[in-house]
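Asker: Okay, handing you the structure first.
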Amino acid sequence: MNYDGLVFDKSSGVATLRLNNPEKLNALTFQTYADLAKVMADLAHDDEVKVVLLTGTGKGFCSGGSVSDIIGPLLEMKTTSCTNSRV
């Protein structure tokens, strides 16, 4: 299995998912979320895997959401206002 933001390994019933962007302390991106969703869906049908280990490459496990890849685009999204009206 190949994923853009993850390194995947499976051995002896253990699936290891390693976040792989050490330059940015493995900050999460939309692609990372997509990769995690895909691999977890694939593993749900893998009877050999008994344990999933999530780790990170380099000195930091995960610094959170990427400012440039997630926070920035979210701030640029148009929002709708809600009014507090009673029916």
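Asker: What single numbered condition from (1) touching a strand residue (DSSP E or B) at 6+ places or on another chain (Cβ under 8 Å); (2) touching a residue at least 12 places away in the same chain (Cβ under 8 Å) fails to hold for Asp9?
Answerer: (2)
Asker: Name the residue that is modelled with the lowest pLDDT, counting only residues in the range 1-56 that are within 23 Å of Ser68 (Cβ to Cβ) and exposed (fewer than 12 other Cβ atoms within 10 Å of the Cβ).
Answerer: Only one residue fits best here, namely Asp4.
Asker: Having 1 or more residues that are in contact with a helix residue (DSSP H, G or I) (Cβ under 6 Å, 6 or more places away or on another chain) is the bar; report the strands (runs of 3 or more DSSP E) wholly within the range 1-80 that clear it. Walk me through how you get there before you give the answer.
Answerer: Numbers: elements: 6-11, 14-19, 51-56.
Fully inside the range 1-80 and qualifying: 6-11, 14-19.
Asker: If Ser63 satisfies all but one of (1) in contact (Cβ under 8 Å) with a residue 24 or more places away in the chain; (2) in contact with a strand residue (DSSP E or B) (Cβ under 8 Å, 6 or more places away or on another chain); (3) of a type outside the set (D, E, K, R), what's the number of the condition it fails?
Answerer: Condition not satisfied by Ser63: (2).
The values are calculated or read from the model by the stated rules, or taken from the named source; none is laboratory data. If you're wondering where the values come from, they're calculated on a predicted model, not measured in any experiment. Using ideal geometry, Cβ is built from the backbone for each residue, glycine included, and neighbour counts are taken over all protein chains shown.
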